[in-house]
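What follows is one structure encoded as structure tokens, with my remarks underneath.
Values quoted throughout were computed directly from the atomic coordinates according to the rules given, and no laboratory measurement underlies them. This is a predicted model, so every value here is computed, not measured. Note: ideal-geometry Cβ built from the backbone for every residue, glycine included; neighbour counts use all protein chains shown.
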Amino acid sequence: MRSGGSLVQVTTPRSALVVLVLVALLTGPPAASAAPAAAPESASAAPAPAAGLWAWPLAGAPTVSRPFDAPATPYAAGHRGVDLAGAVGGQVLSAGDGVVAFAGMVAGRPVVSVDHAGGLRTTYEPVAPGVSAGQPVVRGSPLGVLVAGHDGCPVDACLHWGLRRGETYLDPLSLLRPPRVRLLPWH
């Protein structure tokens, strides 16, 4: 087996497994034609997308002014997203590649929602949309501008950033965390 111009000799099944794991880690995720990952079993489970596919929806690494608080049941109290401190008129960016599912008013507030691979949907509010439903976007594409009016925001404007898979709310910050890889001992 060749690796980076040098020959790697595999002498045992254990060595072969170690080489395969290392090659998989170094070459990254499989091509887009691979089957989508299974849905997480709980609201706190990470969506499990490949690292590097997602970015903050505001420039830089904004301050989280209110964290995600998963509701115990679908109709229970909780905070179904995170609030990010921003500035009025600041660009709101798509956190990942997808298609705009909705751009308009919901309960008197301007909202943009983007559908992503694997059944994920991100939402952004309050955002004066600069996109329209059906429009494809890539990570970092401008969706609109942040407007004032988010209750409980400690600064002039906060972006409420939400994430769902189907009807299950997830912590959108989990998109930004690299996946955890743990190698187990060979017995």
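A Förster distance of 30 Å, applied to the separation of the beta-carbon atoms of ASP151 and ASP97, puts the FRET efficiency at 0.45.
Spin-label pair ALA133-THR63: with each label point 7 Å from Cα along the Cα-Cβ axis, the two points sit 3.7 nm from one another. Label separation (ARG177 vs ALA77): 2.5 nm, computed from points 7 Å beyond Cα along the C-beta direction.
For segment 64-175, rounded, prolate or oblate, judged on the Cα gyration tensor with a ≥ b ≥ c (square roots of eigenvalues), a/c < 1.5 rounded, else prolate if a/b > b/c? Write down the numbers at each step before the final one.
Numbers: a/c = 1.59, a/b = 1.05, b/c = 1.52.
Note, shape of segment 64-175 comes out oblate.
Neighbour counts of C-beta atoms inside 10 Å place THR63, THR168, THR73, THR122 in the sequence THR73, THR63, THR168, THR122, starting with the fewest.
List the chymotrypsin sites (Phe, Trp or Tyr not before Pro) in segment 118-187 that DSSP assigns to loop (not H, G, I, E or B) and whose Cβ has at most 13 other Cβ atoms within 10 Å. Which are they? Provide the component values of the computation, followed by the final result.
Numbers: sites: TYR124, TRP161, TYR169, TRP186; in loops: TRP186.
Listed in order of number, the matching sites are TRP186.
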